[in-house]
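Accompanying notes for the structure given below.
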């Protein structure tokens with residue numbers, strides 16, 4: 001049984017289907033929350049609140065096929081609420097994300113570079129490249145136009161290119 005079918009069952013009140021859905025998306029939720037709030041405690045709080053809100057409101061889910069997008073939107077709202085409450089973002093490095101990209105000459109810690117982007121761009125990059133959400137899905141999650149998502153992705157690529165290649169090197173170009 002796939003996620004939309006489980007989401008429909010959860011929407012109808014099946015608690016086991018809801019648990020299945022949460023287990024299916026929990027890693028994505030953690031990565032997204034961590035990229036926004038920057039520390040494990042706030043990440044855990046955001047995830048816990050997200051799951052509680054999703055559970056109590058799953059009956060309002062209009063399209064079961066968009067369960068993941070729906071719960072990510074709830075998570076982002078929770079993360080933003082936590083940030084507003086604290087009125088600051090923690091510059092804590094990500095211990096859990098030590099994946100790296102190996103270039104010809106050096107090893108680049110991917111997430112250290114992503115952390116240097118603006119907060120808006122970090123979220124877009126995380127959703128697009130790490131969570132494999134489409135531009136359309138990201139626009140729904142962030143409640144912005146597809147054009148805004150595309151322009152932010154473009155800016156993020158430019159900044160990443162400058163961070164990775166340096167000022168004097170060839171820049172990222174659209175083909």
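Could you work out the percent of alpha carbon pairs in segment 1-89 separated by over 15 Å, rounded to a whole number? Could the numbers behind the result be given before it?
Working: 2109 of 3916 pairs.
Taking all Cα-Cα pairs of segment 1-89, the fraction more than 15 Å apart is 54 percent.
In nm, to one decimal, how far is the modelled label at residue 55 from the one at residue 120, with both set 7 Å along Cα→Cβ?
3.6
How many nm is it between the label spots at residue 39 and residue 112, if each spot is 7 Å from the Cα in line with the beta carbon?
For residue 39 paired with residue 112, the spin-label model returns 2.2 nm.
I need the peptides 27-39, 48-60 ranked by packing, meaning the mean over residues of other C-beta atoms within 10 angstrom, with the highest value on top.
Going from most to least packed, we get 27-39, 48-60.
Work out, step by step, the length gained on full extension between residue 146 and residue 24: first 0.36 nm times the residue separation, then minus their alpha carbon distance; give nm to one decimal.
My answer for the length gained is 41.3 nm.
How far apart, in nanometres, would the label points at residue 62 and residue 164 be if each is projected 7 angstrom from Cα along the Cα-to-Cβ direction?
Label at residue 62, label at residue 164, 3.7 nm between them.
Read-outs: derived from the displayed coordinates by stated rules, not from any lab. What you see is a predicted model, and the numbers here were worked out from it, not measured in a lab. Positions of Cβ are backbone-derived with ideal geometry, glycine not excepted, and every protein chain shown enters the neighbour counts.
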